[in-house]
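J.: First the structure, which I've put down as structure tokens, then a few questions once you've had a look.
Every number here is computed from the coordinates shown, using simple stated rules; none is lab data. Quick caveat: nothing in here was measured; it's all calculated off a predicted structure. Glycine gets a Cβ as well: all are built from the backbone with ideal geometry, and neighbour counts include every protein chain shown.
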Amino acid sequence: MSIADNIQSVQENIAAACAKVNRDPETVTLIGVSKTKPVAMLVEAIHAGVQHLGENRVEEGETKIPTVNAQVETAPTWHMIGHIQSRKAKLVPPLFQVVHSVDTLKLAQKLSKLLEETDDTRDVFLEINISGEDSKYGFNAANWSTDLAVREQLWSDVQTIFGLPGLRVRGLMTMAPIVDDMEQTRPIFADMAALRAELSNEIDIDLPDLSMGMTDDYPVAVEEGATLVRVGRAIFGERVYT
Ligand SMILES: *Cc1c(COP(=O)(O)O)cnc(C)c1O
């Protein structure tokens, strides 16, 4: 299977998931996650119609993004999806148009300050640790619907971030736990959709987007309301880490 074939089959799966729940497939943005993959494959994906690419490491973006942009007619939109170390935050806005991995108030404040200094803005997502796994980055939202302390902290952080200049908060992002059967992720994605609805109602903010769903679970994420899916292996093949 070529990259173009893979993209087509992912698009078909997204359309099928949308059909199940009466959604317009146009409301779902496919982000090709190209981490570890060589520039030639990224260019191939762009030629096959992918307009959004995601990388998870700043250094990798620094080398690949300018190279890819120079080789294509229309540069894709670049999404930063991985954890950002504080000292590398300043490298992010020049490379990426969208940041999915705003995972602490401190990082939000840092990005805001950098953007304000350059009179610039970026679309951002707040990464949510909804399963409460220790291994995961993100704002803690475990048991948010019943745990008042968790809820209060989260509500307060979201409110603060909405007040920061330079950041346009588009919505929430999460990574579901790794499971054997993708159906097991459904309650997680549904919980994210409920959290988004409750946050936007109670704080009276607009949170249009949900960034959730990867190779192993994007059809379920779309059924539960994802507006952006981040798909790597199903497009570019397995990753080899050396
Ligand atoms: C790697 C990665 C993805 C894509 O994972 P696949 O399983 O290859 O689809 C999505 N989101 C984040 C944050 C990632 O790091």
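J.: At a threshold of 8 angstrom on Cα-Cα distance, excluding pairs fewer than six apart, so keeping six or more, what relative contact order does segment 202-242 reach in percent? Don't skip to the end; give the middle numbers.
T.: On the way: 43 pairs, mean separation 14.3, N = 41.
With pairs under 8 Å counted, the relative contact order is 35 percent.
J.: Per residue of segment 141-146, what does 6.51 cos²θ - 1.76 cosθ + 1.60 with θ = phi - 60° give for ³J(HN,Hα)? Whole Hz please, x for Gly and Pro, Karplus curve as stated.
T.: Running phi through 6.51 cos²θ - 1.76 cosθ + 1.60 with θ = phi - 60° gives 10, 4, 6, 4, 6, 10 Hz.
J.: What's the whole-number percent of alpha carbon pairs in the chain lying beyond 35 angstrom?
T.: On the way: 3051 of 29161 pairs.
Looking at the chain, the distances longer than 35 Å represent 10 percent of pairs.
J.: Which order do the peptides 125-134, 219-228, 85-94 take when ranked by the mean count of other beta-carbon atoms within 10 Å per residue, highest first?
T.: Averaged packing, sorted descending, gives the order 219-228, 125-134, 85-94.
J.: OK, next. For the residues W78, W155, what sequence is obtained by ranking on other C-beta atoms within 10 Å, fewest first? List each step's numbers first, then the result.
T.: Numbers: W78 22, W155 15.
Listing W78, W155 from fewest to most nearby Cβ atoms yields W155, W78.
J.: Give me the lysines in straight-line cross-link reach of K37: C-alpha distance below 25 Å, same-chain residues under 8 apart excluded.
T.: Hits, sequence-local ones excluded: K64, K88, K90, K136.
J.: In what order do F189, F162 fall by count of nearby beta-carbon atoms within 10 Å, going from fewest to most?
T.: F162, F189
J.: Sticking with this one: Exposure proxy check: E44, E198 ranked by fewest other beta carbons within 10 Å?
T.: E198, E44
J.: HN-Hα J couplings of segment 105-111 from phi, Karplus 6.51/-1.76/1.60, θ = phi - 60°, integer Hz, Gly and Pro as x?
T.: For segment 105-111, the Karplus curve yields 4, 4, 5, 4, 5, 5, 4 Hz.
J.: Considering all projection directions equally, how large on average is the shadow of the alpha-carbon convex hull of segment 196-242, in square nanometres?
T.: 4.5
J.: Further, regarding this structure: Counting alpha carbon pairs within less than 8 Å and at least 6 residues apart, what relative contact order, in whole percent, applies to the chain?
T.: The value is 21 percent.
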